[in-house]
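Student: Questions regarding the structure given below will be posed in turn.
The values are calculated or read from the model by the stated rules, or taken from the named source; none is laboratory data. Predicted model, so just to flag it, every value in this text is computed and none were measured. Counting neighbours? That spans all protein chains shown, and the Cβs are built from the backbone with ideal geometry, glycine included. Heavy atoms of the whole protein, side chains included, go into the accessibility calculation; ligands, DNA and RNA do not. Shrake-Rupley method; radii C 1.70, N 1.55, O 1.52, S 1.80 Å.
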Amino acid sequence: MTRPHVLILQHVPWERPAVLGEVLTASGIDWTLDTVVERRELPPAREITGFDGLVLLGGPMGALDVEEHPGLGLEAQLVRDAAVLGIPVFGICLGHQLIATALGATLHSAAAHEVGVGDVELLTESELGMRGERLPVLHWHGDVVEAPHGATVLASSPSTPNQAFRIEDRVFATQFHLEVDPPMLDRWLAEPLMLRDLPFIAGTADEAADRLRSEVAAVAGPMREAGERLFGAFADAVLRRTSVDPSLR
C-alpha cells in the first residue's frame, strides 16, 4: 500500500522542516521538499491533488510580495485548492501568513519585530498546552497577519494577536518556530540575512548569535514537546484523511 505523501514548500535553503519532518517520518508519512517561490507556473508533478498534505515553511519575503516572488501566488492557490479538497495544511511563519492571506485575512507589514525567544499566551486548550499557560517559543518575524474566517486563534503575544491558529482539524499555522532544532538554528545563524535581524545593544553579531543559542537551549525541551504534539496533530490529519478513503493516495 502506498504511504501518505506530504509536499513541503521551502522558500530559502536554510529553512527546513527539521522537527516537523522527523514527526512526519516517524508517523509513516513520506515527504518531498520543493521550492516554487520563483516559478510562474506549477509543474504538473506538484499539483496538490498528488499529495496528502501541504506544508509551507518560513522565509524572509513578505506573503504578498508576488511581483518579486511570483511563486507565492502559486502557493496561495495551492492553499485554497487544499482547503476545497480537505487536504491538511501546516504553515510556519511566512507559511502561517501565506495560509491566512490566501484564505482572506489581512496582512500588516512591519507591524511587529519579534526576533528571539519569547513567550506566547495560550488562548484555548490545544496540543500547545492549556488555556492561560505561557509557552516559550522562537520568534523571527516582522509582519503580522489576522486570522482567517472560521479559524480558532490558539496563541497570542502583545504585538502579535494571532500567533497560531487552526481551522477544524485540517489547517494548522504558527507564526513562531517550533520546528527549529540546534543544527537548524546554527544554519540560520550562519546566514548574514538572518544574523542582521538579531537584536543586540552591545557586542558583536557573533556574541548576539551565541546569546540566542543559549536562550534557545534553555527552552528547547518545552519547545520540542509542543512542536511534536502539534506536528503530530497534523500528521494524524494526513493519516486520517487517507485512511477514510485509500483512493485519495
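Student: With a 1.4 Å probe and all protein chains left in place, how much of the accessible area of the chain comes from carbon and sulfur atoms, in whole percent?
Tutor: Roughly 52 percent, rounded to a whole number.
Student: A further question follows. At 0.36 nm per residue, minus the direct Cα-Cα distance, what do D197 and R229 gain on full extension? Give it in nm, one decimal, please.
Tutor: Result for the pair: 8.6 nm of gain on full extension.
Student: Grab every C-alpha pair in the stretch 1-85, bin the distances at 10 angstrom width from 0 up to the longest one, and report whole percents.
Tutor: The percentages, shortest bin first, are 17, 50, 29, 4, 0.
Student: Given N residues in the stretch 22-149, what is Rg(Cα) / (2.2 N^0.38 Å)?
Tutor: This ratio for the stretch 22-149 stands at 1.12.
Student: A further question on this structure: Only helical DSSP H runs with n ≥ 4 go in: add -39500 (n - 2.57) per run for the chain, normalise by residue count and round the 222 nm mean residue ellipticity to 500 deg cm²/dmol.
Tutor: On the way: 7 runs with 83 residues, N = 249.
Result for the chain, helices only: -10500 deg cm²/dmol.
Student: Rounded to the nearest 20 Debye, what is the dipole magnitude of the chain about its Cα centre when Lys and Arg each give +1 and Asp and Glu each give -1 at the C-beta?
Tutor: Dipole of the chain, to the nearest 20 debye: 460 debye.
Student: Once the Cα gyration tensor of the stretch 47-116 is diagonalised, what are the square roots of 5 times its eigenvalues, in whole Å and ordered largest first, as equivalent ellipsoid semi-axes? Could you put the intermediate results ahead of the total?
Tutor: Details: eigenvalues 94, 33, 24 Å².
Semi-axes from the Cα gyration tensor: 22, 13, 11 Å.
Student: Tell me, what HN-Hα J-couplings in whole Hz come from the Karplus equation 6.51 cos²θ - 1.76 cosθ + 1.60 at θ = phi - 60° for each residue of the stretch 66-72, using x for Gly and Pro?
Tutor: Each residue's phi maps through the Karplus curve to give 6, 5, 7, 10, x, x, 4 Hz.
Student: Sticking with this structure for a sec: Nearest 0.05, what FRET efficiency do E68 and D181 give at R0 = 35 Å with Cβ-Cβ as r? Could you put the intermediate results ahead of the total?
Tutor: Details: r = 30 Å, r/R0 = 0.86.
The pair E68/D181 has a calculated efficiency of 0.70.
Student: How high is the FRET efficiency between R240 and S159 when r is their beta carbon distance and R₀ equals 45 Å, given to the nearest 0.05?
Tutor: Efficiency, from the Cβ-Cβ distance: 0.80.
Student: Determine the gain in length on full extension of the stretch D210-M130; use 0.36 nm per residue of separation and subtract their C-alpha separation, reporting nm with one decimal.
Tutor: 25.6 nm
Student: Continuing with this model, one more query. Considering all projection directions equally, how large on average is the shadow of the alpha-carbon convex hull of the stretch 117-245, in square nanometres?
Tutor: Details: hull surface 36.6 nm².
So the mean shadow area of the Cα hull is 9.2 nm².
Student: Could I ask something else about it? Provide the three semi-axes, in whole Å and in decreasing order, of the ellipsoid equivalent to the chain as defined by the square roots of 5 times the Cα gyration tensor eigenvalues. Kindly include the intermediate steps, with their values, before the conclusion.
Tutor: Details: eigenvalues 150, 80, 65 Å².
Rounded to whole Å, the semi-axes are 27, 20, 18.
Student: For the peptides 62-72, 186-196, what is the packing order when you average, over each peptide's residues, the other Cβ atoms within 10 Å and list the highest mean first?
Tutor: 62-72, 186-196
Student: Let me ask something else about it. Please work out whether the stretch 111-165 counts as rounded, prolate or oblate from its C-alpha gyration tensor, where a ≥ b ≥ c are the square roots of the eigenvalues and a/c under 1.5 means rounded, while otherwise a/b larger than b/c means prolate and anything else oblate?
Tutor: Oblate shape, in that a/c is at least 1.5 and b/c is the bigger or equal ratio.
Student: Going by average Cβ density within 10 Å per residue, which order do the peptides 145-154, 25-34 take, highest to lowest? Please list the in-between numbers first.
Tutor: Numbers: 145-154: 18.0, 25-34: 14.8.
For the peptides 145-154, 25-34, the packing ranking is 145-154, 25-34.
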